[in-house]
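Since every read-out is calculated from the coordinates, none of them should be taken as a lab result. All figures in this text were calculated on a predicted structure; none of them were measured in a lab. Reconstructed Cβ throughout: ideal geometry from the backbone, glycine too, with neighbour counts over all protein chains shown.
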Amino acid sequence: MAKTGKVRNDELFKGLTRIPTIFGISYNLFFINLLLGMMLMVLKLFILLPGCVVIFLVSYIVSKHEPLFMELLSVKLSRCNFCTNKSYYGGNSYALLSSLLCFYSYIYIVS
């Protein structure tokens, strides 16, 4: 801390801890957008190519807000499974007993 009570901003630290980007978006988002554009060109769907610009702009805005968006999304999708019968069991689990215990404890707390 400086004598003024403000926290110093070290530009070198910010630069070394920031994720690498291409045109302001992370590598993962850039290559997804690049591959989508290449597929549209190979399929000769040139009318849909402006959609790549829209996808780029959306990913740019998301990357400005949260630079690790794709990394966080990939971790969430790899770690958190999706249970198709979540509404039936009341939880994201396939074990009936643990879901029922959770459900009944919730009812007991609410009532």
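Points to keep in mind about this one:
- V7 meets each of the listed conditions (1) in a loop (DSSP other than H, G, I, E, B); (2) under 15 Å from E66 (Cα atoms) apart from (2).
- Scanning the stretch 54-83 for residues that are loosely packed, with under 12 Cβ neighbours inside 10 Å and in contact with a Gly (Cβ under 9 Å, 6 or more places away or on another chain) yields a count of 1.
- Members of the stretch 19-42 that are assigned to a helix (DSSP H, G or I) and either among the β-branched types (V, I, T) or in contact (Cβ under 8 Å) with a residue 40 or more places away in the chain (or both): N28, L29, I32, V42
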